[in-house]
Amino acid sequence: MTDMITKALVQTRVVPLVQANDPDVAVKIAAALIEGGLTVLEVVLRTQEALECLEAIVEKFPDAHVGAGTVLSGDHANEVIARGAKFIVSPGLDEASVKIAQNHNLPIFPGIATPSELQKAWNLSLRTVKLFPASIVGGPKMLKAMASVFRDVQFMPTGGVSAVNLLDYLEIPAVAACGGSWLTPQNAIDKGDFAVITKLAREAVAIAKK
Ligand code: 3PG
């Protein structure tokens, strides 16, 4: 599973966040992203209905790589695994979630913001981490500094990434992919304008190809 996700990440290089409070809407968001060429999706646990949204997307798009984000605890990790998440993302480094994911042979990308956190993740055998919040903790400069020391680590910068700075991150060799919510703007979702999401996804795919 880890290899499959890593391969998919390196291919699409962009991981959009999906946040919804209705599984039908979540499926529409996912459909729009997939139509735009993004097939690795992170459904975030930030609404009451997030687990139902995750499950609905997993069922509807069995060929997509659907993971769960904002996983804060071991309980969350168990819940998202039960709903079919194929990978886990956390804002920070939670050892319980890491152990559970590893026991299930599921990739987990915990957030790190300092060398000490990264070293802790490295000692938990993790080799791909999320840099979060990337733009605030130093952006591409910080990433290059970390990568120069942790030579075998791949990063998924998230937080403040958009079409404007995506390439600045993606052109760093240690960056596997970037994550972000800019691809799924809430105002478009509220209006039911899912074509906007497909357009943003296509734009990101084109930038990633550069
Ligand atoms: C995350 O959960 O990874 C962040 O909230 C994403 O940050 P962004 O909204 O700035 O893309």
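Of all residues in segment 1-34, those satisfying the criterion of being charged (D, E, K, R) and touching a residue at least 40 places away in the same chain (Cβ under 8 Å) are Arg13, Lys28.
Is it true that some residue in segment 96-112 is more than 22 Å from Leu51 (Cβ to Cβ), loosely packed, with under 14 Cβ neighbours inside 10 Å and either at pLDDT below 95 or more than 15 Å from the ligand (Cβ to nearest atom) (or both)? Taking every residue of segment 96-112 in turn, none turns out to be more than 22 Å from Leu51 (Cβ to Cβ), loosely packed, with under 14 Cβ neighbours inside 10 Å and either at pLDDT below 95 or more than 15 Å from the ligand (Cβ to nearest atom) (or both).
Of all residues in segment 95-110, those being over 16 Å from the mean Cα position of the chain (by Cα) and part of a loop (DSSP other than H, G, I, E, B) number 2.
To keep it simple, each residue is scored yes or no on (1) touching a Leu at 6+ places or on another chain (Cβ under 9 Å); (2) within 15 Å of the ligand (Cβ to nearest atom); (3) closer than 27 Å to Ser73 by Cα; (4) among the hydrophobic types (A, V, I, L, M, F, W, C).
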site	(1), (2), (3), (4)
Thr114	no, no, yes, no
Leu126	yes, no, yes, yes
Ser135	no, yes, yes, no
Arg151	no, no, no, no
Gly160	no, yes, yes, no
Val164	no, yes, no, yes
Asn187	no, yes, no, no
Ala201	yes, yes, no, yes
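Any residue in segment 86-94 that is of a type in the set (A, V, I, L, M, F, W, C), in a strand (DSSP E or B), within 16 Å of the ligand (Cβ to nearest atom) and under 17 Å from Ile197 (Cβ atoms)? Please lay out each step first, then the result.
Initially, segment 86-94 is screened for residues of a type in the set (A, V, I, L, M, F, W, C), giving 87-89, 93.
Applying the additional criterion that residues be in a strand (DSSP E or B) yields 88-89.
Going one step further and asking which of them are within 16 Å of the ligand (Cβ to nearest atom), we end up with 88-89.
Restricting the remaining residues to those that are under 17 Å from Ile197 (Cβ atoms) gives none.
No, segment 86-94 has no match at all.
The values are calculated or read from the model by the stated rules, or taken from the named source; none is laboratory data. Since the model is a prediction, treat every value here as computed from it, not as a measurement. Using ideal geometry, Cβ is built from the backbone for each residue, glycine included, and neighbour counts are taken over all protein chains shown.
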